[in-house]
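**Student:** Below is the structure I would like to discuss, written out as structure tokens.
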Amino acid sequence: MTVPMVTAHSGCEGTQRDSMESVRRAIELGADAVEVDVRMDPAGVLRISHDKRLSVSEYAAHQSLESVFALLGPTSLSINCDVKEREHLYELLGLAKRYGFDKSRLILSGSVSPEQVSYDPGIADRATLFMNIEELFKYLYLHKGPFSMGDFSRLMTDPWAFTRTYMKHFEDHVPSVVELALHLGIKVINFPYHNLGKEHFTALQAAGLSVSVWTVDDRDALDRMLSFSVSNLENVTTRQVTMVQSLLQTHQTVLSQPS
């Protein structure tokens, strides 16, 4: 069994979301990576914030992304930037480079889109990409048609209604997901874990794709996925870091015992 990396979700172990306290707690716990939500405030400062704010003063309570890079720099932890505003991707990449974070320690997820990766394949040379499944589904849905202008607006601004429908029948979409991911050079797809079964892991693994799952705070759900004995579970994002670490250790011990 390949041991997946453990990414501490923002607000891990009961800490405040989008806070330096959460980052410090992840470091103390020995997580492999820290996940932060990234937005830019009206003054042009990248901040860790899940929700969009309207003014500089409203963002004032949110730490700068630069302070997170500075804190993580001397450690071995990676950072998973959940990009909320794709138009600020290059500012993020520039900041990461200044603090020495390259593909080995910088992970991008969130709203990084297929068209960005297609337009600039060099993005994948500067960061590891965990492509969110809803970003792929947007383009797969548009090929299905017919759709209304209202559907298009909702798909672009809030794709989750479509994503939840697709995930219920994910096995029907595996060939299209695989084809698009491989065309883009994507190696890891980021999923909500609820509807993923062994057959999905197996099909994706057969295509050479790995799986990242978020946000797994339920022990039974993680135990179920680990029981598949799949080698392509690349990452588990969780707020319950110690629970995931303990369960991974348990599965490692069981699998290492002679049969």
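**Student:** Express the accessible area of segment 89-133 per residue in Å², computed with a 1.4 Å probe while the remaining protein chains stay in the model.
**Tutor:** On a per-residue basis, segment 89-133 sits at 43 Å².
**Student:** Okay, moving on. Which ³J(HN,Hα) values, rounded to whole Hz and listed in residue order, are derived for segment 79-89 from phi using the Karplus coefficients 6.51, -1.76 and 1.60 in 6.51 cos²θ - 1.76 cosθ + 1.60 with θ = phi - 60°, glycine and proline given as x?
**Tutor:** Once θ is set to phi - 60°, the couplings for segment 79-89 become 10, 9, 8, 7, 6, 8, 10, 4, 5, 9, 4 Hz.
**Student:** Further question on the same structure: Just the number, please: carbon plus sulfur as a percent of the accessible area of segment 1-107, 1.4 Å probe, no ligands or DNA/RNA counted.
**Tutor:** The nonpolar share, carbon plus sulfur, comes to 48 percent.
**Student:** Hey, another quick one. Per residue of segment 219-233, in order, report the coupling 6.51 cos²θ - 1.76 cosθ + 1.60 (Karplus, θ = phi - 60°) as ³J(HN,Hα) in whole Hz, putting x for Gly and Pro.
**Tutor:** The phi angles translate into 4, 5, 5, 5, 4, 4, 5, 5, 5, 5, 6, 7, 9, 10, 7 Hz.
**Student:** May I pose another question? Below 14 angstrom from the Cβ of G100, what's the summed charge of the other residues (Lys, Arg +1; Asp, Glu -1)?
**Tutor:** Computed value for this residue: +3.
**Student:** Hey, rough spin-label estimate for V3 and A206, points 7 angstrom out along Cα→Cβ, what's it come to in nanometres?
**Tutor:** Calculated label separation equals 3.1 nm.
**Student:** Contact order normalised by length for segment 20-141, with contacts defined as Cα pairs under 8 Å and 6 or more residues apart; what percent is it?
**Tutor:** Reported relative contact order: 21 percent.
**Student:** Please report, in debye to the nearest 20, how large the charge dipole of the chain is about its Cα centre when each Lys and Arg carries +1 at its beta carbon and each Asp and Glu carries -1 there.
**Tutor:** That gives the chain a dipole magnitude of about 120 debye.
**Student:** Still on this structure, I have one more. In segment 1-78, which trypsin sites (Lys or Arg not before Pro) are in a loop and have at most 16 other Cβ atoms within 10 Å, using DSSP for the loop call?
**Tutor:** Passing both the DSSP loop test and the Cβ count: K52, R53.
**Student:** Do the sum for the chain: with -39,500 (n - 2.57) for every DSSP H run of n ≥ 4, divided by all residues, what is the mean residue ellipticity at 222 nm, to the nearest 500 deg cm²/dmol?
**Tutor:** About -13000 deg cm²/dmol.
**Student:** Calculate, for Y90 and Q252, the FRET efficiency according to 1/(1 + (r/R0)^6) with r their C-beta to C-beta distance and R0 35 Å; round to the nearest 0.05.
**Tutor:** Plugging the Cβ-Cβ distance into 1/(1 + (r/R0)^6) gives 0.35.
**Student:** Could I ask something else about it? Report the full-extension gain for the segment D172 to M156: residue separation times 0.36 nm, less the Cα-Cα distance, to one decimal in nm.
**Tutor:** 3.5 nm
**Student:** Once amide H atoms are placed 1.01 Å from N in the peptide plane, what residues at a sequence separation of 5 or more from L233, or on another chain, have their amide H within under 5 Å of its amide H?
**Tutor:** Counting only residues 5 or more places away or on other chains, the set is V211.
**Student:** Which distance in nm do the two modelled labels at A43 and S229 give, with both placed 7 Å along the Cα-to-Cβ direction?
**Tutor:** Placing both labels 7 Å along Cα→Cβ, they lie 5.7 nm apart.
**Student:** What percent does the relative contact order of segment 92-194 come to when contacts are Cα pairs within less than 8 Å and at least six residues apart?
**Tutor:** Dividing the mean separation by the residue count of segment 92-194 yields 31 percent.
**Student:** Hey, another quick one. Which of rounded, prolate or oblate describes segment 103-259 when judged by the alpha-carbon gyration tensor and an a/c cut-off of 1.5?
**Tutor:** Since a/c reaches 1.5 and a/b is larger than b/c, the shape of segment 103-259 is classed as prolate.
**Student:** Using Cα-Cα distances under 8 Å and only pairs 6 or more residues apart, what relative contact order does segment 209-254 have, in percent?
**Tutor:** Reported as a whole number, the value is 48 percent.
**Student:** Can you work out ³J(HN,Hα) from phi for every residue in segment 164-180, in order, using Karplus 6.51 cos²θ - 1.76 cosθ + 1.60 and θ = phi - 60°, giving whole Hz and x for Gly and Pro?
**Tutor:** Calculated HN-Hα couplings, in order: 4, 5, 5, 5, 5, 10, 4, 4, 6, 9, 4, x, 5, 4, 4, 4, 5 Hz.
The values are calculated or read from the model by the stated rules, or taken from the named source; none is laboratory data. The structure displayed is predicted, hence computed values, not measured ones. Because the Cβ atoms are built from the backbone with ideal geometry, glycine has one as well, and the counts that use them run over all protein chains shown. Just the protein is used for accessible areas: all its heavy atoms, side chains included, with ligands, DNA and RNA removed. Shrake-Rupley method; radii C 1.70, N 1.55, O 1.52, S 1.80 Å.
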